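The values are calculated or read from the model by the stated rules, or taken from the named source; none is laboratory data. Being a predicted model, the structure only gives us computed values, none of them experimental. As a convention, Cβ positions derive from the backbone with ideal geometry for all residues, glycine included, and neighbour counts pool all protein chains shown. Ligands, DNA and RNA are stripped out before the accessible areas are found, and what is left, the full protein with its side chains, is counted by its heavy atoms. Shrake-Rupley method; radii C 1.70, N 1.55, O 1.52, S 1.80 Å.
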Amino acid sequence: MKNVVLITGASQGLGRALALAFAKEGYALGLCARNEEPLRAVVKQVKEIGADVVTTTADVTKPADVDRFVSIVEDRFGKIDVLINNASTFGPGPTLLADYPNDAFQGVLEANIMNPFLVTKRALPGMLARQTGSIINVTSEVGKYGVAEWGAYSVSKFGVEGLTAIWADELEGTGVTINLVDPGEMDTTMHDIAIPDCDYELSDPEDVVDVFLYLAMSEGNGERYEAQVFDRKGASVE
Amino acid sequence: MNAVSPSFTIPDSLNAKQPAELTYSRRDHVRLMTIDECATVMHGSFHDIVQQLHAGDVLVLNNSRTIPPVLRGTQGQQTIEVRLSRKVGAQTWEALIVGDMFQSNETIRFTDGVEAAVTGHGAERPLITLDFSIEGSALLDFIYQHGEPVRYEYIDDSFPLETYQTVYGSVPGSVEMASAGRAFTWQLLEKLKSKGVHIAFVQLHAGLSYYENDKWPSPTNHPEHFRVPRETASLLNEARKSGTRVIAVGTTVVRALESAVTEDGCVETREGVTRLYVDDQHTITSVDGLLTGFHEPEASHLHMLTAFLPYAKLMSAYHQALEQGYLWHEFGDLNLIFRQQP
């Protein structure tokens, strides 16, 4: 039976690169994104690789959408081996906290913290019943260091790091692991929003997928990886 | 046969109208009535289960997850309520049509251009089989997007689907919650595990428990899909050898396990559709105890309880439960019954 990976925010950037990488490794895929059109393009590509894929549009900040997405994947493949909580939103571009609109601040926190909480909570029962599973949360350098003008996105990633640390402790000994990956700065739409006038070279999302493939099979728990300095032996674990 | 003699009535005040977490902030804050092997009745809280179970016992949970099976379609100008009961094939479901204004030779139209045609009778009347115009994951996606949970008349609020889930529910397929395990939290399951109690899982996708108009499923004609995984069968057979107990959480678990028992009394890995009817004529071999809710006098689940203890003793305990004010139905209190030794 093929291993099954579930990826949120799979229609572009890192999510799309992960879908293609796991498809090449022979995984069956459960993919979701908010917008149907770009997601359909990714589905076409992974099918060309030969992957079996289930997909739906979903807003993973909504519990009902999360239940629907995870349920149709579990119904189709019978299990989930790997969950990658990739979906996130940046909010407004570079903004000082003192200038940050209240609604936008709240919206970014809800989107970026609620979605890994909800999807993990929904996917966990099946993993715990089988006593195996790997959950990977995508974080950022600004989830560890406070940097001016990264605003609610940075705050939310601090939250994701806390969420992961707590869950890692709670999952110790269950056979299910949860880890963090900081993919580093990549050439994505989100990076364009964060740093509109970036004048230095950026990685491609395709360059950072190895650490995710490694963690999918790893027994490590509660660890934080920086994708751009990772080699497949895991030598750069902090 | 459709009903047992109604030997008691449930006052409206004992219908649990909302889940415990809304009343007490925690889903595990329900009461527990225990009937031991000698039919002695004890009253306490659900957390007493940690004392009731011993190291080596196996607690078996049904991790079927509830889907939202109530769909609304139309035939001409007429709104039709469809309650799905059991998945028969990729595009085919057994279902109940609520109400009389329904033409069996006319297509039911749903939103998004989805249609369903009646293709025959279900396992028993009034169930029918419906063939949908979409199938597989697309059909399940549609059901999730447009369906609602079954809400019976004693519930006043339109609680969302997540209210009708156990914390460990994983495999989608039940049209009604396997409610006996609803009060468990992961924290309580962890407490049991740290005491040495083994946790195991089966799946049985529960069908509709009521067909409206005072009609209940005939338990001899109520097929349900079930699966007993290899790990669970092994744990149960080891428990049998070592003399520790197996506690089923819910009548669905009893039905699944008893459907997987071999002639020599072992539980084996099995998946399929069960039509097994467990009542006082059935000798249970796979299970020593049952955690269950409080059942209506007409429900077939009550028959199953008589496989654990004689009807008169069960009714005596139930009358105590009524006097003590235990709450009935899916959000209600719980009853732990240990099988009487013959």
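Assorted remarks:
- Couplings for the range B:19-33, taken from phi via the Karplus curve 6.51 cos²θ - 1.76 cosθ + 1.60 with θ = phi - 60°, read x, 4, 5, 7, 7, 10, 6, 9, 6, 8, 8, 10, 9, 10, 9 Hz in order; Gly and Pro are left as x.
- Rg ratio for the protein assembly as shown: its Cα radius of gyration over 2.2 N^0.38 Å, N being its residue count, equals 1.03.
- Amide H contacts under 5 Å for A:GLY133, placed H, 5+ residues apart: A:THR177
- Computed with every protein chain present, the accessible area of B:PHE102 is close to 40 Å² [probe 1.4 Å].
- Between B:SER209, B:SER45, B:SER25, the residue with the greatest mean-square fluctuation in the GNM of chain B (Cα pairs under 10 Å linked by springs) is B:SER25.
- Restricting the range A:151-238 to chymotrypsin sites (Phe, Trp or Tyr not before Pro) in coil, as DSSP defines it, with at most 11 other Cβ within 10 Å: A:TYR200
- In this structure the amide hydrogen of A:VAL53, modeled in the peptide plane, comes within under 5 Å of the amide hydrogens of A:LEU29, none closer than 5 places in sequence on its chain.
- Taking chain B as a Gaussian network of alpha-carbon nodes connected by springs under 10 Å, the highest mean-square fluctuation of the residues B:ARG86, B:ARG227, B:ARG109 belongs to B:ARG109.
- Of all the options A:LEU14, A:LEU118, A:LEU29, the one that moves most in a Gaussian network model of chain A with Cα springs shorter than 10 angstrom is A:LEU118.
- Between the range B:226-255 and the range B:35-102, the alpha-carbon center distance in angstrom: 20
- Cα gyration tensor category, rounded, prolate or oblate, for the range B:70-146 with a/c compared to 1.5: oblate
- Report summary: the helix-based calculation at 222 nm, which adds -39500 (n - 2.57) for every DSSP H run with n ≥ 4 and divides by the residues of chain A, gives -13000 deg cm²/dmol.
- Each helix, a run of at least 4 DSSP H residues, gives -39500 (n - 2.57); summed and divided by the residues of chain B, these come to -6000 deg cm²/dmol at 222 nm.
- Residue mean of other protein chain beta carbons inside 10 Å, B:153-164: 1
- FRET E, pair B:MET42, B:ARG125, Förster distance 41 Å, beta-carbon r, rounded to 0.05: 0.45
- Pairs of Cα atoms farther than 32 Å apart, the range A:4-229, %: 12
- B:TRP93 accessible area, 1.4 Å probe, all protein chains in place, Å² to nearest 10: 10
- Stokes-Einstein translational diffusion, chain B - Kirkwood Rh over all Cα pairs, 1.002 mPa s, 20 °C, in µm²/s: 104
- Reach of A:LYS2 by Cα under 15 Å, taken over aspartates and glutamates that are not fewer than 8 positions away in the same chain: A:GLU25, A:ASP52, A:GLU74, A:ASP75, A:ASP81
- The phi torsions of the range B:121-138, fed into the Karplus equation with coefficients 6.51, -1.76 and 1.60 and a -60° offset, translate into couplings of 7, x, 4, 8, 5, x, 5, 10, 9, 10, 9, 8, 7, 10, 9, x, 4, 5 Hz, rounded to whole numbers, with Gly and Pro shown as x.
- Rounded to whole Hz, the Karplus (6.51, -1.76, 1.60) HN-Hα couplings of the range A:121-135, x for glycine and proline: 4, 6, 7, 4, x, x, 5, 5, 5, 8, 6, 7, x, 10, 10
- In terms of distances greater than 23 angstrom between alpha carbons, the cross-link table entries A:LYS24/A:LYS144; B:LYS191/B:LYS241; A:LYS79/B:LYS87; A:LYS47/A:LYS157 yield A:LYS24/A:LYS144; B:LYS191/B:LYS241; A:LYS47/A:LYS157.
- Accessible surface of the protein assembly as shown, 1.4 Å probe, proportion on carbon and sulfur as whole %: 48
- Rolling a 1.4 Å probe over the protein heavy atoms gives the range B:70-146 an accessible area of 48 Å² per residue.
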